[in-house]
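Working notes, structure below.
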Amino acid sequence: MVLCQMCAASLFAPPGARWFVSATDPKPLASTIVRDDEAALVSAAKGGDTSAFEELVNRYERKIFRLGMNITQNREDAEDVMQDAFMKSYQNLDRFQGDSRFYTWLVRIAVNEALMKLRKRRPNQVSLDEPITDSDGEDSLFREIEDWGPSPEKKFAQTELNEILNSVISELDPIFRVAFLLRDVEGLSTEETAHILGISVAAVKSRLLRARLKLRQKLNKYFRRSEAQ
Amino acid sequence: MNCKKVVVELTSYLDGVLDSSTRTELELHLSRCTDCRLVVDTCRKTIQIFCNSEPVPLPEDVRSRLHSALLERFRRKAKST
């Protein structure tokens, strides 16, 4: 379902972890821009070098599609999110000031597009402005405290595990889901996440705490040691 | 440090950005409190499991449509300038 590019802390990075998505490798482009230099690519694209912009697309298309899938939980919506994000970033490239990474700017556009999709689907349920409280209350997040053992995910086949992860993350309120995806799955910093969502660092930390505790609680019924297989 | 304070500091602790004195206090509490230790451990595993899960592949047809749309946009822009 999801794959971390830069885990938040090195202690989360197990040996042999897969760090890249399995889609077909992008075709090499004729751009003369140094591949690692995002700022130069953006500058060239602003100057009309379409191969430079295509290189940026090749670099980030998988990440943006994955983010769209994880937020909207729908393939068609994720495709729309990805297309709209790249089209809008190309259309508005002149307005990009370079005060953040191009990728961060692109993610911000993609997140807004994805949330608009959710709002259209569930107009009364999805808002980034709602307060960071819910009917569960704090105490419920500290229920179901059980030992999971060293590698709880190994109790499940990969397909089954993916279904479990998809299921629990889709149950999370979008405002918490997006914070978790940007920070913990996409590996953006807390500051970048705050910038993308247009909220304070403290608000990101608060949403992240709740998202992590809620996911932990939801996974508990699958991963607890006492769960018979 | 008590259990409530552990919750307050949990995100910073898991992200490794807690100052050393608070971290020492928190770890002392964890050494004595089984519930908090299990919450920290299972929270850490939650993040790890999501990080290591199977990636969402980018379907070739989806990628192809994106690049076709981009090429069309490039052509339209080239014509207009």
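Side notes on the structure shown:
- Exclusive hit being loosely packed, with under 15 Cβ neighbours inside 10 Å, within 25 Å of residue A:62 (Cα to Cα) and among the hydrophobic types (A, V, I, L, M, F, W, C), set B:66, B:71: B:71
- Sole residue being closer than 30 Å to residue A:65 by Cβ and under 23 Å from the mean Cα position of the chain (by Cα), chosen from B:36, B:51: B:51
- From the list A:130, A:144, A:192, the one residue that fits, being at pLDDT below 85 and either surrounded by 13 or more Cβ atoms within 10 Å (Cβ to Cβ) or in a helix (DSSP H, G or I) (or both), is A:144.
- In the set (1) in a loop (DSSP other than H, G, I, E, B); (2) modelled with pLDDT of 85 or more; (3) within 13 Å of another protein chain (Cβ to nearest Cβ), the condition left unmet by residue A:149 is number (2).
- Restricting attention to segment B:36-75, the residues being more than 7 Å from chain A (Cβ to nearest Cβ) and in a loop (DSSP other than H, G, I, E, B) number 1.
- Segment B:7-23 - residue that is exposed (fewer than 12 other Cβ atoms within 10 Å of the Cβ) and in a helix (DSSP H, G or I) and, of those, nearest to the other protein chains (Cβ to nearest Cβ): B:20
- Scanning segment A:157-189 for residues that are touching a residue at least 12 places away in the same chain (Cβ under 8 Å) and either of a type in the set (S, T, N, Q) or not in a helix (DSSP H, G or I) (or both) returns A:162, A:166, A:170, A:171, A:172, A:173, A:186, A:187, A:188.
The values are calculated or read from the model by the stated rules, or taken from the named source; none is laboratory data. This structure is a prediction, so every number in the text was calculated from the model and none was measured. We place every Cβ from the backbone using ideal geometry, glycine too, and count neighbours over all the protein chains shown.
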